[in-house]
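Here the structure comes first, spelled out in structure tokens, and everything after it is commentary.
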């Protein structure tokens with residue numbers, strides 16, 4: 001008797017910093033200057049679709065900087081999207 005092993009299907013978490021910055025017309029340099037980060041660091045964070053391993057302080061700074069520059073509130077939930085497993089593919 002042989003068993004067939006299947007990989008479980010799991011949801012995905014998507015990082016939406018690129019989308020948020022584009023919608024609000026925020027540049028890497030402007031956000032970096034506002035929150036005291038290097039523009040290259042912002043670029044690296046922006047150019048990934050996978051949720052980066054960042055701390056709560058950095059996430060809060062990103063939200064605060066986006067809110068300041070766009071004059072509109074920004075919450076972590078706007079930067080992170082959960083895609084349930086049935087929606088993948």
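No lab work stands behind these numbers, since they all come straight from the coordinates. Everything numeric in this text was worked out from a predicted model, so none of it was measured.
Assorted remarks:
- To the nearest ten degrees, helix 56-70 and the longest principal axis of the Cα atoms of the chain are 50 degrees apart.
- Over all Cα atoms in segment 12-87, the spread is summed up by Rg and Dmax: 12.0, 40 Å.
- Computed helical MRE - 222 nm, the chain, DSSP H runs ≥ 4 contributing -39500 (n - 2.57), nearest 500: -13000 deg cm²/dmol
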